[in-house]
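Below is one structure, written out as structure tokens; comments come after it.
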Amino acid sequence: MPSNRERIRSTHAADGGIVLDIDKGKMFSLNASGSAIFQLLEKGFSEEKIIEELERRFEIPAHVAKQDLDDFRKALRHHALLTAHQLPASE
């Protein structure tokens, strides 16, 4: 089975992004916050750092950023778009 790097492609802009699963032939459209989260997860940022970055970029409270992150991780797991080591556990 190909690694995620081989089967997942993404592109990002200020207003969102696109993620393509080559194996499944599926494309996913991301809004700005989803795009930011996806990129931060790919870079290996911790949950705490992702929440801080979402608070800063989108001027939202920490509890909203955490809920957004949790919901997005759930969707990523459902669609197998990132590997387990790219999905920091909830604290």
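The values are calculated or read from the model by the stated rules, or taken from the named source; none is laboratory data. Note that the structure is predicted; figures quoted are calculated from it, not measured. Note that we place each Cβ from the backbone using ideal geometry, even for glycine, and neighbour counts take in every protein chain shown.
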Looking only at the stretch 30-67, which residues are of a type in the set (A, V, I, L, M, F, W, C) and in a loop (DSSP other than H, G, I, E, B)? F45, I60
Subset of the stretch 27-60 (residues that are of a type in the set (D, E, K, R) and either modelled with pLDDT of 95 or more or more than 19 Å from D71 (Cβ to Cβ) (or both)): K43, E47, E48, K49, E52, E53, E55, R56, R57, E59
Residues S35, S10: which one is surrounded by 17 or more Cβ atoms within 10 Å (Cβ to Cβ) and among the hydroxyl-bearing types (S, T, Y)? S35
